[in-house]
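Novice: The structure that follows is given in the form of structure tokens.
The values are calculated or read from the model by the stated rules, or taken from the named source; none is laboratory data. Keep in mind that this is a model prediction, so the values were computed, not measured. Just so you know, the surface numbers come from the protein's heavy atoms only, side chains and all, with ligands and any DNA or RNA stripped out. Shrake-Rupley method; radii C 1.70, N 1.55, O 1.52, S 1.80 Å.
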Amino acid sequence: MMKYTTIKDIAKELDISKSTVSRALSGDSNVSKETREKVVALANKMGYKRNDIAANLRMQQSKTVGIIVPEMVTPFFMYVIMSAQKVLDEQGFKVIITQSHEDPQAESYNLKLMENYRVDGIIMSVCHSDINLKEYFRLQEEGIPIVFFDRVPSKIHACKVIVNDYVKSMLMMEHLIRSGRKRILHLAGPARIPNTEERKKAYKDSLAKFKIPFDPELLIEGENERSEGERVIRDFLRKKIPFDAIFSFGETLSIGALSYIQSQGIKVPEEIAICGFSGTYLSTIVTPQLTAIQQPFEKMGRVSAEQIIKKINDPESSCETIILDAEIVIRQST
């Protein structure tokens, strides 16, 4: 195992106290110039590196923030992480990043990992609405603030950064209906994800608003994966269930649906229109490009980072839910 040079090693070599070495390395003018120069020269020779973790812990801070996301396969979470990390870096915080792989047990492990590393705060997007609620409450009681973003649990008082899933879904559905679509298939996300219910409600309420009967056969819950989009469309076409548009929970579902529809020689958008949430660059590298509710990834990361820094610096500061605006970008797929 590699042995790191410590202040104790330098003090022993020069036969002076550890406190003198520490003050000399920090440039304390109360230590003679000759001693300071000797300490610095020996520290450089011995490869001494300042232990920031130990120094921060002495000040009751680790200057570290944990970020937990459900997955890093799609670009959405990577964009948010990069934006948050930029703000945290500028404020002198180190970042520990983990993913839960959509598994509440892995998420619980990651939360304990963050606690063991004594992070000052956590930024996270949950993989399940309820399963780890007790863990969130416990960490808050231990004095570790959490800022939730995008997928946020409703049953806990904490700082949250979201977009208005319901309103934006209603507007997207209205776009489809006003363009003449009446048999709209909703590829919903899994029930465990908080956003799923808001988008489903908007889907049903939009149909009711335009007096289009709700057909439960046209609402399918599934994982937010490309293969799921392909599978659902394959089943619908095989069963000859008619539909003229798709509103999907996420981008990968939209891409999977588009891929299979095109493989069957069906024209998009002439025969079937397709749109969904997220709107990363993936929506623009397929043909036709996908209409999407484009979430403000960079702003979401920046605001989440600003909120956790605020809570770290002032634990008594108020928690608020910040609702960011998402943009509906109409492209060729609708």
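Novice: Of all DSSP beta bridges located in the chain, what percent are antiparallel, nearest 5?
Specialist: Once the DSSP bridges in the chain are tallied, antiparallel ones form about 10 percent.
Novice: Can you report the principal axis dimensions of the stretch 249-323 using only the alpha carbons, biggest first, rounded to whole angstrom?
Specialist: 59, 18, 15
Novice: Another question, then. For a quick check, take a GNM of the chain with Cα springs below 10 Å and name the residue from 263, 108, 17 with the largest mean-square fluctuation.
Specialist: Largest GNM mean-square fluctuation: 17.
Novice: Now for a separate question. Rounded to whole Å and sorted largest first, what semi-axes of the equivalent ellipsoid does the C-alpha gyration tensor of the stretch 176-269 yield via the square root of 5 times each eigenvalue?
Specialist: Here the semi-axes work out to 20, 17, 11 Å.
Novice: May I pose another question? When the chain is treated as a GNM, springs tying every alpha-carbon pair under 10 Å, which of 81, 177, 122 comes out with the largest mean-square fluctuation?
Specialist: In the Gaussian network model the winner is 177.
Novice: Given N residues in the stretch 195-334, what is its alpha carbon radius of gyration divided by 2.2 N^0.38 Å?
Specialist: 1.25
Novice: In square nanometres, what is the average projected area of the Cα convex hull of the stretch 62-173?
Specialist: Convex hull of Cα atoms, orientation-averaged projection: 7.4 nm².
Novice: Which number do you get for Rg(Cα) / (2.2 N^0.38 Å) in the stretch 111-244?
Specialist: Compared with the compact-globule rule of thumb, the stretch 111-244 sits at 1.32.
Novice: Could you tell me what percent of the accessible area of the chain is made up of carbon and sulfur, with a 1.4 Å probe and every protein chain present?
Specialist: Percent of accessible area from carbon and sulfur atoms in the chain: 51.
Novice: If you rank 4, 260 by how much accessible surface each has, with a 1.4 Å probe, what is the order from largest down?
Specialist: Order by accessible area, largest first: 4, 260.
Novice: Only Cα pairs within less than 10 Å get springs; with that Gaussian network setup on the chain, which residue of 141, 271, 34 has the largest fluctuation?
Specialist: 34
Novice: Can you give me the three principal axis dimensions of the stretch 1-150 from its C-alpha atoms, in Å, biggest first?
Specialist: The principal-axis extents, from largest down, are 61, 32, 31 Å.
Novice: Working only with C-alpha atoms, what are the Rg and Dmax values of the chain, expressed in angstrom?
Specialist: Using the Cα atoms of the chain, the pair Rg, Dmax is 26.1, 88 Å.
Novice: Oh, and also: Distance cut-off 27 Å, Cα to Cα: go down the list 168/310; 168/299; 201/267; 8/310; 267/299 and report the pairs above it.
Specialist: Check vs 27 Å cut-off fails for 168/310; 201/267; 8/310; 267/299.
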